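Before any comments, here is the structure.
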Ligand SMILES: [Zn+2]
């Protein structure tokens, strides 16, 4: 029996291969799309591919335990509402960011919306654009350390675009995600508490909710043992 798992059971962070122009590329599952019919894969050169899920082969190789992609770092530098400049066939365009997609920002210029790759954007208001990426890397290192210390070596850490939650725990994928804005803007102490809160969920299991078992684990790992408003309040 081959030492691999079926493609439909792949978790985020699992090692996969796929064929592109007769070459086999190796990488890790980054996210699922289109009701799981497509996947985004990050290859060994940090390039991101959209691949039909049926074309992925699980390799059984080591999981990737930090999913901090070049695009996370680029996207982290921008906020909704930022005013930006970009070139379009020699024309200088000016607009406002209305959506942050994985590879491109949507920029509204008058009545039109343009999809602009992040490296093409220039800020109008000067502010520090490198800090956000450094901050994400530091948070990833801190979170990874906490996860390893609490026995979650084969869980993966990723960042997510979410205004509603500070973090979440995806049991099926063995994935802890931290909201990008939280990681970039909040204090170390608050971010660490979020990481430990999610670690407690990972250890206590999906059935525990925020009940007595989870509370005991939370206390044990050093997280504030209470559910926070952001988790139950969809606002
Ligand atoms: Zn929780």
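No value in this document is a laboratory result; all are computed from the given coordinates. Keep in mind that this is a model prediction, so the values were computed, not measured. Backbone-built Cβ (ideal geometry, glycine too); neighbour counts: all protein chains shown.
Classify segment 151-235 as rounded, prolate or oblate from the Cα gyration tensor: take a ≥ b ≥ c as the square roots of its eigenvalues, call it rounded if a/c is under 1.5, otherwise prolate when a/b beats b/c and oblate if not. Please report the intermediate quantities before stating the final value.
Working: a/c = 1.43, a/b = 1.25, b/c = 1.15.
The shape class here is rounded.
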Values of log10 I(q)/I(0), in the order q = 0.22, 0.32 Å⁻¹, for segment 79-123 under a Debye, Cα-only, solvent-free model: -0.63, -1.35
Stokes-Einstein D in µm²/s, Kirkwood radius over Cα pairs - the chain at 4 °C with 1.567 mPa s viscosity: 67
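How high is the relative contact order of segment 131-232, in percent, with contacts defined as C-alpha pairs under 8 Å that are six or more residues apart?
24
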Contact order relative to length of segment 15-113, as percent, for alpha carbon pairs under 8 angstrom and 6 or more apart: 17
Inter-site label distance for residue 20 and residue 153 at 7 Å from Cα along Cβ, in nm: 3.1
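Per DSSP H run of at least 4 residues, take -39500 (n - 2.57); add these up for the chain, divide by its residues and hand me the 222 nm value, nearest 500 deg cm²/dmol. Could the numbers behind the result be given before it?
Working: 6 runs with 62 residues, N = 235.
The per-residue figure over the chain is -8000 deg cm²/dmol.
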Segment residue 124-residue 49, extension gain: residue separation times 0.36 nm, minus the distance between their alpha carbons: 23.9 nm
Calculated diffusion of segment 1-103, Stokes-Einstein form, Kirkwood radius summed over Cα pairs, 25 °C and 0.890 mPa s, µm²/s: 158
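In percent, what relative contact order does the chain have, based on Cα pairs under 8 Å that are 6 or more apart in sequence?
On the way: 405 pairs, mean separation 31.8, N = 235.
Relative contact order comes out at 14 percent.
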